[in-house]
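The values are calculated or read from the model by the stated rules, or taken from the named source; none is laboratory data. Not measured: the values here are computed from a predicted model. Methodologically, a virtual Cβ is constructed for each residue, glycine included, from the backbone with ideal geometry; neighbour enumeration extends over all protein chains shown.
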Amino acid sequence: MRENGFAPVPVILIVDDQPTDTLLLQEAVADLGDIYTAHDGAAALALANAHHPDLILLDVQMPGMSGFQLCKTIKATPRLRDAAIVFVTAHTQTDNELMALEYGGIDFIQKPLSLPVVRARAKAQLALRAEAKRLAYYDELTALPNRTLLGDRAEQALHSARATDGKAALVLLDLDNFKGINDSINHRMGDCILIELAHRLQCHCPATETLSRHGGDEFLLMIPDLTSSQALGERVDELLRVVAQPLSIDGHRLQLTCSAGISVYPEDGDNLDVLFRHAEAAMYQAKQSGRGLYRFFSRHLEVDARARHQLEVHLREALNSGALSVFYQPRYDAALGTADGMEALVRWQRGERMVSPADFIPLAEETGLIIPLGRQVMLQACCDAHTLMQDGLRICVGVNISTVQFRDPSFLSMVREALHDTGLPPELLELEITEGVMARDIEHTRTLLTELKQMGVRIAVDDFGTGYSSLAYIKNLPIDVLKIDQSFVRDMLSDRSDAAIVEAIVQMGHALELELIAEGVESAEQAEALKAQGCRLMQGYHYCRPIPFSQLRQQLRTQHCQQGR
Ligand code: C2E
Ligand code: CA
Ligand code: CA
């Protein structure tokens, strides 16, 4: 660990107008740090500004600026005010001592000077100062430099890069999914992980670079004197690999990954704030591209980041202002020619424009907004299905469940409340969950689905065929419906392998006695082909696009009347 925030060894400034005293003081502290001497206040101030002393041994009585006046000036200068000031004085009156304390001095040394006393006092003050610095500049947990120290080092690095037309880089490293891990183990283990990873990273950073803990599970690396960007990419990749090596804590074997964003001075910003923001944008980009990757900042990223932020702000507003609504796409029983179900699809009317859920659901998932959004959709869907029921139409409503909702501890109670508050019979609610979400944690899935089945709701596997499609788990989970993904339906007439996949899914569905729904049916030919294979239920533009509830209700009533006739 580096000892000092600003310099590797403590800096001591001796200010005395008497050359003999100056020499004595100098001798007393000679091996305690770098020593500077001044014979008057003005010279002392200049030296202090240049070298930021940790300790000032200050004579009270000097011609011109007195020791008290100098002390006052130093305490009023932010970059200097932390220096420990010890007065050296021949006075013994208490008044004098009180005044010195008032001005910010912390100790006195009496003249005539005793070498061992001066030395002992100076040593004690330097030790206190070192401890204060450790607290002010280093992270308590990992002993890495903290934000403040990084800020100071970055300032120096940028200053020298500016002077030499050089480059410097800022790298933000953020552990992937650390919060999830931290919540699932105890916090002491979380701390152990951070300490171990900090140590590993530190071992791979030369002393010219500053690695800091930026808070939580973020580390920031300042690299001065950057020579090549390509070499930098390789360096960061190496750091990511170092983090990814398995670690063992309390007998638990864990493997973490980390994502990194890089910004470079001067092209990506000319001060630390901007460089940090841009490294952060690059880091988010890295996270989105997968885990355990690094990205360099680029201008279009900035535009993306700003647009995303805007979108998030507006989505939050939309949630609260009722600008989100729920459309429905009916699904048809091709044999009977009637609608027997519908899927709830959220819609965002943003001014003139309708924003596609494909564009804002991922953002809602990342920001957690999916939880209130999902609840709104669920309540609306149950309420509308209940309205249809009162019209005499028993239509099952499918509601899409995102992975974040599925993992939310309040998910079951949210579903229960929606049914309770709207009075919808549970068998008229179908939850659409993708294979990927189900397969991620099979035990959690089994527990949750079992509870849902006990409640009486139906479970559909959405986008079936695109994910794991493992027969084993489909067989062992309480599932009612498979929704054949629209990508297979779209190409089944032109692509033999897609046709084969559809056929296989239909056969499998029959064997397991599951209901089958084909999604994205756009033509009569597709509908015919599906029917021929034994798939009866269909959803797609060929039958009906997603429409507002009022329109759907009208359509269903008409259908109902025609059937009645
Ligand atoms: P999904 O669950 O696969 O929904 C079906 C999507 O296919 C819908 O797009 C629907 O409008 C579209 N579609 C229906 N028939 C056809 C067709 O014949 N041809 C084509 N090309 N497309 C068709 P939409 O409404 O844009 O929704 C996109 C995705 O957004 C949904 O995919 C679903 O994953 C998600 N989503 C929509 N609403 C919600 C919601 O309330 N909550 C959650 N968690 N996700 C939702
Ligand atoms: Ca769906
Ligand atoms: Ca789907």
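Brief remarks on what is shown
- Boolean, Cys382 is assigned by TED's automatic domain parsing to the domain that holds Leu537, hydrophobic (A, V, I, L, M, F, W, C) and within 14 Å of ligand 1 (Cβ to nearest atom): yes
- Just one of (1) more than 16 Å from ligand 1 (Cβ to nearest atom); (2) part of a helix (DSSP H, G or I); (3) among the hydrophobic types (A, V, I, L, M, F, W, C); (4) without any contact (Cβ under 8 Å) to a residue 12 or more places away in the chain fails for Ala281. It is (4).
- Selection within segment 517-551 - over 10 Å from Tyr332 (Cβ atoms), more than 16 Å from ligand 3 (Cβ to nearest atom) and assigned to a helix (DSSP H, G or I): Ala524, Glu525, Glu528, Ala529, Lys531, Ala532, Gln533, Phe549, Ser550, Gln551
Condition check ((1) touching a helix residue (DSSP H, G or I) at 6+ places or on another chain (Cβ under 6 Å); (2) in the same structural domain as Cys258 (by TED's automatic domain parsing); (3) part of a strand (DSSP E or B); (4) within 30 Å of Ser248 (Cβ to Cβ)) across all residues:
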| position | (1), (2), (3), (4) |
| --- | --- |
| Leu98 | no, no, no, no |
| Leu101 | no, no, no, no |
| Val118 | yes, no, no, no |
| Leu126 | no, no, no, no |
| Ala163 | no, yes, no, no |
| Leu172 | yes, yes, yes, yes |
| Lys179 | no, yes, no, yes |
| Asn182 | yes, yes, no, yes |
| Met189 | no, yes, no, yes |
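- Residue list for segment 177-196, restricted to those being of a type outside the set (D, E, K, R) and without any contact (Cβ under 8 Å) to a residue 60 or more places away in the chain: Gly180, Asn182, Ser184, Asn186, His187, Gly190, Cys192, Leu194, Ile195
Each row is one residue, and each column tells you yes or no for (1) part of a loop (DSSP other than H, G, I, E, B); (2) outside the structural domain of Ala161 (by TED's automatic domain parsing); (3) in contact with a helix residue (DSSP H, G or I) (Cβ under 8 Å, 6 or more places away or on another chain); (4) loosely packed, with under 13 Cβ neighbours inside 10 Å.
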{"position": "Thr208", "(1), (2), (3), (4)": "yes, no, no, yes"}
{"position": "His214", "(1), (2), (3), (4)": "no, no, yes, no"}
{"position": "Gly261", "(1), (2), (3), (4)": "no, no, yes, no"}
{"position": "Asp268", "(1), (2), (3), (4)": "yes, no, yes, no"}
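- Answer from Glu443, Glu432 - the residue that is within 15 Å of ligand 3 (Cβ to nearest atom) and either over 21 Å from Gly398 (Cβ atoms) or modelled with pLDDT of 90 or more (or both): Glu432
- Checking segment 329-336 against the condition returns no match, with no residue being within 16 Å of ligand 2 (Cβ to nearest atom), touching a Pro at 6+ places or on another chain (Cβ under 6 Å), assigned to a strand (DSSP E or B) and of a type outside the set (S, T, N, Q).
- Residue check, Phe488 within 22 Å of Asn400 (Cα to Cα), in the same structural domain as Ser410 (by TED's automatic domain parsing), surrounded by 16 or more Cβ atoms within 10 Å (Cβ to Cβ) and without any contact (Cβ under 8 Å) to a residue 24 or more places away in the chain: yes
- Residues in segment 14-49 that are small (Gly, Ala, Ser), in contact with a Gly (Cβ under 9 Å, 6 or more places away or on another chain) and either touching a residue at least 40 places away in the same chain (Cβ under 8 Å) or surrounded by 15 or more Cβ atoms within 10 Å (Cβ to Cβ) (or both): Gly41 only.
- Single residue of Pro362, Pro357 found to be more than 20 Å from the chain's Cα centre (by Cα) and closer than 28 Å to Ser289 by Cβ: Pro357
- Single unsatisfied condition, Val9 versus (1) buried (at least 19 other Cβ atoms within 10 Å of the Cβ); (2) within 47 Å of the chain's Cα centre (by Cα); (3) assigned to a loop (DSSP other than H, G, I, E, B); (4) among the aliphatic types (A, V, I, L, M): (1)
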